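A.B. asks: One structure is given below, represented as structure tokens, and several questions about it will come after.
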Amino acid sequence: MKIRSIKLREAHKNSNGVESFCSVLWDQQGEHIVTASSSDSSICIHDAILPANPPKVVRQHRDGVTALALSPNYTCLASGSIDHSVKLYKFPAGEFDTNITRFTLPIRVLAFNKSGTMLAAAGDDEGIKLINTIDGSIARVLKGHRGSITGIAFDPKSEYLASVDSIGTVMLWELQSGNTIHVLKGIAPVIGSDFSSTNIVSWSPDGDLLAVPGMKNDVVMYDRDTAEKLFSLRGDHVQPICFLSWSPNGKYMATSGLDRQVLIWDVDKKQDIDRQKFDNRITCMAWKPTGNALAVIDIMGKYGVWESAVPSSMRSPTEDIPGLSSKSGHGLLFYDEEEENPSVSGSLSDLGEDSHGESELFSRKRLRKQHSHPDDWEEDTNEELELLPKVERRKKAPHGHRDGSYNKRNKLKDVPISTGPKMQEAIQPGATPQLPGKRRFLCYSMLGSITTMEHEGYSHIEIDFHDTSSGPRVPAMTDYFGFTMASLNENGSVFANPCKGEKNMSTLMYRPFGTWANNSEWSMRFEEEEVRAVALGTGWVAAITSCNFLRIFTEGGLQRHILSLDGPVVTTAGFKDELAVVTHASPPLPSNEQILEFRVFNIRTGTQPRRGRLPLTPGSCLSWFGFSEEGHLSSFDSTGVLRVFTNQYGGSWLPLFSASKLKKSEENYWVVGLNSSKLFCVICKSPDSFPEATPKPILSLLDLSFPLASSDLGSEILENEFIMNNMHLRRIQSTIEEMEATGEDASLLDDEAFNTEAALDRCILRLIASCCNGDKLVRATELVKLLALEKSVKGAIKLVTALKLPNLAERFNAILEERMNKETIGGKISASTELKGDNSFNAHVALTKSHVRVESSKRLESQDSPSLNSLALSHTKKRPLEEPIKDVNVESENAKTRKLEMAREFKNAFDMKNAKKVKDEKDKVDEVKNARKADEVKNANEVEDAQNKNGEANTVTAQRPSNPFAKSSNNKPNTSLFDSLKKKVKVDR
């Protein structure tokens, strides 16, 4: 017999070399292969058509995965682990669905029944749990095994369950009663504590035979009803069989032995027809549902596909697959099968302690992916609950109602129903889902939290502030309305609930924290209208309802405004005078992309300053929405991307954080808020996506950073710092401009602007050094043009000179000279405009101030040149290049004398007390101006032309100087301009 070679690919790394039990599964169409390993906490979903493509990796367990199972409709994947948990996922997406149960010891095996409504789980615990996948309840626990249970299998006819343990005992259970009907001791090999190989039991596809590994390196077949030994398959295995798998049609069987061989058997002829030898023991196998192929995986986590496992001259393993009909109507039929007049019967969950099979419960959650016809599927689910016989219901639906449901379902089967992606439901920022018997958050923000816990028909609400010293002390309250959402600020809190009660009314309640009047708390009721989201601001309360109404109230309860929104609300948030609302702009795209729109309202002025589309990562939904501490609009989506709105480029969203860049797939981030540099969040371990209210969660601070591409210089950190500093500087400058436009004092922001500017220059210098080392000279030239301070440019010139790059140093010098020349011309024009444009005494004062700044700049320039490190602006403040450079070097000594003369004359004018002396002083000023005019006639004419064109002159006034170096040092006492002039006059004399 010719031996063919099968190429195995590594699916799971086994770095320590320890043998592991690995699992493999096919999907229904043969497009995906699922693998897992007991030495790896991840599950891999491989592309069977293009194996070279990287697999989809699902990491939800904290320890090795020991068991996999796919539901019969191939939409739900179950996994068991050494971490004692059983989890469900949507398949093939791999999205986590739920933790369906837990054990006290590791899980070893999982199995779905034929309809997928029951999941059996077992392991080192002594019992087998039968779990109802419809509602997650445990229908029954089957106990009787003495060793670890390593194999379980549902009878395809839904009458029996077979199980085998590590000491070789096989037990058959009757599903209806839960009783043991057969116990076969010592018929399978004893595996002890080596779980890299397991005992297994498997029913034939027609349900007539039960296959069990024998004691003589064979496979023994037992009768389904009598458990009598019928025959065995014995061939060339020289060591015990550790795994077996029936072909889909039951004509063939694949067996794997400890001897590292895999044999293919013709069951009817009781002989092997093909074999394969492997380097390592094969722990699991799975027949492809379509075609002729067998997937295998070994103890080292390597998998492969044995194409044409059955010789092409023989019948295909997927030909003539037997169809099953349940005897006496036992079992749950799969929901997309054709059914004939089902009889009323109970479900397995009725056999346990609780009843979960009532046909009237149409809203029960299904823990697997929905069918393509959701309404049909929903009706089928309830019909499945009616198909188990012989057990009387605790509650029976009226026959007329059941028949109506059945007829309706048959009609729906004839009419295809197409449904697209669902629109995201409304969310309240900082709220967590309701969990029975547990405290939850109605609101969690940077200010504080509001928690609630339901108890006997009412809820207990508590309000806590993070800073207990500044926030008011708010007593707890009893909630009889059942509030599900809330919002919080310094002045009060607002609560709302969905429609409930006989009148189907929704309630909105505002509760102030402090007020001068009694009975300041108020509430509003909405008939046939449900509050979906609430927000608070300075002096206003907002609620958005199911009618797409935006309702604005005052803090006293006055209904102030009612606006109609363009679509269903998703969420809302408030900050001072601004209210931000997110709505659906249109139904989602077929690719499941939500189309959302945001609008920002200024409640005080009654305007809408911003509006636009809200960007989301494709396939994601909005998880959090709000304002930063500085008032910048921000959003966070389900893929972990944080975006902040900016006015740049006409209004854009900047991605300032991406969870994927942290490369911690086992963590989820529940956002609380953010400031200019940090993201405040609660880190939740997967699969949890939100924290529990008790104990109080711990806030984590994560650095904001742009999701930059990998730089060819490896300087992503420096580039991120450069972009962040540039963004902060723009924001500060914008704030200064806004404050000056409204007449506010912006001098307090000067130091912050200068420090940010200096930090930006330091970062640019480091980037220039990186570019020089990486031979990216064009990039270095681009960077030097962005330097703000003259000394920074000189430092860059010294840097490239030290690196022996003379051509680059020459370019840097040319850039510096060009900028200084432009600023010198600008300084001349500015000074000439001052002399020509105003003959008043105030112009004289402004000119004198200009001379003081010139002298200050001159003294700074006369200092010794610092070292290269100081040129990187680590500690010393230098004059910005943007500051207009006065024509000090160009002026003659006579001009300098005239400046000093003017200062002395101004001092005399200040001391004079009568109008005559003031007039004489003004005449002297005019003489000085005339002298300057003689030297600068040409410049004055240019200024005159500029004034005619622009309509205004660039005069030097007594406002805040643009040069931060001209200000007094913070560690010296403040002196007035007049004091400085007096001291200078005394020194000159």
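A.B. asks: Could you do me a favour and compute the accessible area per residue for region 169-267, 1.4 Å probe, result in Å²? Please report the intermediate quantities before stating the final value.
C.D. replies: Details: 3410 Å² over 99 residues.
Accessible area per residue, region 169-267: 34 Å².
A.B. asks: Now, a different point. Output needed: percent of Cα pairs per 5 Å distance bin for region 96-209, bins running from 0 to the one holding the longest distance.
C.D. replies: Once binned at 5 Å, the Cα pair distances of region 96-209 give 2, 12, 23, 26, 20, 12, 4, 1.
A.B. asks: Could you tally the net charge around G606, taking each other residue with its Cβ under 11 Å from the Cβ of G606, Lys/Arg +1 and Asp/Glu -1? Show your work: numbers first, answer last.
C.D. replies: Details: positive: R560, R604; negative: D577.
Charge balance in the 11 Å sphere: +1.
A.B. asks: Based on the mean of other beta carbon atoms within 10 Å per residue, what is the order of 606-615, 630-639, most packed first?
C.D. replies: Sorting 606-615, 630-639 by mean packing, highest first, produces 630-639, 606-615.
A.B. asks: Write down the accessible area per residue of region 586-727 in Å², having rolled a 1.4 Å probe over the full set of protein chains. Before the final figure, lay out each step's value.
C.D. replies: On the way: 6730 Å² over 142 residues.
For region 586-727, the per-residue accessible area is 47 Å².
A.B. asks: List the residues, sorted by chain then number, that are 5 or more residues from E529 or on another chain and whose placed amide H is less than 5 Å from its amide H.
C.D. replies: Result for E529 returns S506.
A.B. asks: Accessible area of region 605-720 with a 1.4 Å probe: how many percent of it is carbon plus sulfur? The partial results should precede the final answer.
C.D. replies: Working: 2910 of 5560 Å².
So the carbon and sulfur contribution to the accessible surface is 52 percent.
A.B. asks: Continuing with this model, one more query. Trypsin sites (Lys or Arg not before Pro), restricted to region 650-730: which are DSSP loop and have at most 12 other Cβ atoms within 10 Å?
C.D. replies: K663
A.B. asks: Using Cα centres only, tell me the gap between region 684-730 and region 87-165 in whole Å.
C.D. replies: Comparing the Cα centres of region 684-730 and region 87-165, I get a distance of 41 Å.
A.B. asks: What percentage of the solvent-accessible surface of region 754-833, computed with a 1.4 Å probe over protein heavy atoms, is contributed by carbon and sulfur atoms?
C.D. replies: On the way: 2000 of 3660 Å².
Roughly 55 percent, rounded to a whole number.
A.B. asks: While we're on this one: Pop out the ³J(HN,Hα) list for region 127-138 in order, Karplus 6.51 cos²θ - 1.76 cosθ + 1.60 with θ = phi - 60°, rounded to Hz; leave Gly and Pro as x.
C.D. replies: x, 9, 8, 9, 10, 7, 6, 6, 10, x, 7, 8
A.B. asks: Another one. If we sort 692-701, 735-744 on the protection proxy, mean other Cβ atoms within 10 Å, highest first, what's the order?
C.D. replies: Working: 692-701: 13.7, 735-744: 12.0.
Descending mean neighbour count gives 692-701, 735-744.
A.B. asks: Follow-up. Arrange the peptides 250-259, 593-602, 456-465 so that the one whose residues have, on average, the most other Cβ atoms within 10 Å appears first. The partial results should precede the final answer.
C.D. replies: Working: 250-259: 22.9, 593-602: 20.1, 456-465: 15.2.
Ranking, from highest mean packing down: 250-259, 593-602, 456-465.
A.B. asks: Shifting gears a bit: Just to check I understand the Karplus step: with θ = phi - 60° and J = 6.51 cos²θ - 1.76 cosθ + 1.60, what whole-Hz values come out for region 686-698, glycine and proline as x?
C.D. replies: Those phi angles translate into 4, x, 5, 10, 8, x, 8, 6, 10, x, 4, x, 9 Hz.
A.B. asks: Something else now. Just to be sure I follow the rule: in region 642-776, considering lysines 8 or more places apart or on different chains, how many pairs have Cα atoms under 23 Å apart? If you can, show how the numbers build up before the last one.
C.D. replies: Working: K661/K678; K661/K685; K663/K678; K663/K685; K664/K678; K664/K685; K678/K696; K685/K696.
Lysine pairs meeting the criterion: 8.
A.B. asks: Follow-up question, since we're still on this one. Would you mind telling me the share, in percent, of accessible area of region 5-57 contributed by carbon and sulfur at probe 1.4 angstrom? Don't skip to the end; give the middle numbers.
C.D. replies: Numbers: 1220 of 2650 Å².
About 46 percent, which is the carbon plus sulfur part of the accessible surface.
A.B. asks: Could you report region 43-95's accessible area per residue, 1.4 Å probe, as an integer in Å²? Each step should come with its number before you reach the end.
C.D. replies: Values: 1930 Å² over 53 residues.
Per-residue accessible area for region 43-95 comes out at 36 Å².
A.B. asks: Using only the heavy atoms of the protein chains and a 1.4 Å probe, how would W287, W653 rank by accessible area, largest first?
C.D. replies: Working: W287 20, W653 40 Å².
Ranking W287, W653 by accessible area, largest first, yields W653, W287.
A.B. asks: Shifting gears a bit: Just to make sure I understand: if all protein chains stay in place, what is the order of S308, S5, S770 by accessible area at 1.4 Å, largest first?
C.D. replies: S5, S308, S770
A.B. asks: Please list, ordered by chain and number, the residues whose modelled amide H lies under 5 Å from the amide H of H466; skip anything fewer than 5 residues away on the same chain.
C.D. replies: Those lying under 5 Å, H to H, from H466 are G448, S449.
A.B. asks: Still on this structure, please answer the following. With 23 Å as the limit, write out which pairs from K277/K302; K7/K270; K216/K277; K129/K157; K185/K269; K87/K129 have Cα-Cα distances beyond it, or answer none.
C.D. replies: Numbers: K277/K302 14 Å; K7/K270 29 Å; K216/K277 20 Å; K129/K157 20 Å; K185/K269 28 Å; K87/K129 14 Å.
Cα-Cα > 23 Å for K7/K270; K185/K269; rest within.
A.B. asks: Now for a different question. Below 8 Å, C-alpha to C-alpha, sequence gap of six or more: please give me the relative contact order for region 240-321 in percent.
C.D. replies: Working: 185 pairs, mean separation 20.9, N = 82.
Normalised by residue count, the contact order of region 240-321 is 26 percent.
A.B. asks: Separate question: What is the set of long-range amide H partners of L674 at a cut-off below 5 Å, with H atoms built 1.01 Å from backbone N?
C.D. replies: Long-range HN contacts for L674: E629, F680.
A.B. asks: Classify region 782-828 from the C-alpha gyration tensor, please: rounded if a/c falls under 1.5, else prolate or oblate depending on whether a/b exceeds b/c. Intermediate values should be presented prior to the final figure.
C.D. replies: Working: a/c = 2.60, a/b = 2.06, b/c = 1.26.
Here region 782-828 falls in the prolate category.
A.B. asks: Can you compute 3J(HN,Hα) from phi for each residue in region 562-576, using the Karplus curve 6.51 cos²θ - 1.76 cosθ + 1.60 with θ = phi - 60°, rounded to whole Hz and x for Gly and Pro?
C.D. replies: Karplus values, whole Hz, x for Gly and Pro: 9, 10, 9, 8, 7, x, x, 6, 9, 6, 8, 7, x, 8, 6.
The values are calculated or read from the model by the stated rules, or taken from the named source; none is laboratory data. Note that the coordinates shown come from a computational prediction; the quantities given were computed from them, not determined experimentally. No Cβ is skipped: glycine too gets one built from the backbone with ideal geometry, and neighbour counts run over all protein chains shown. Ligands, DNA and RNA are stripped out before the accessible areas are found, and what is left, the full protein with its side chains, is counted by its heavy atoms. Shrake-Rupley method; radii C 1.70, N 1.55, O 1.52, S 1.80 Å.
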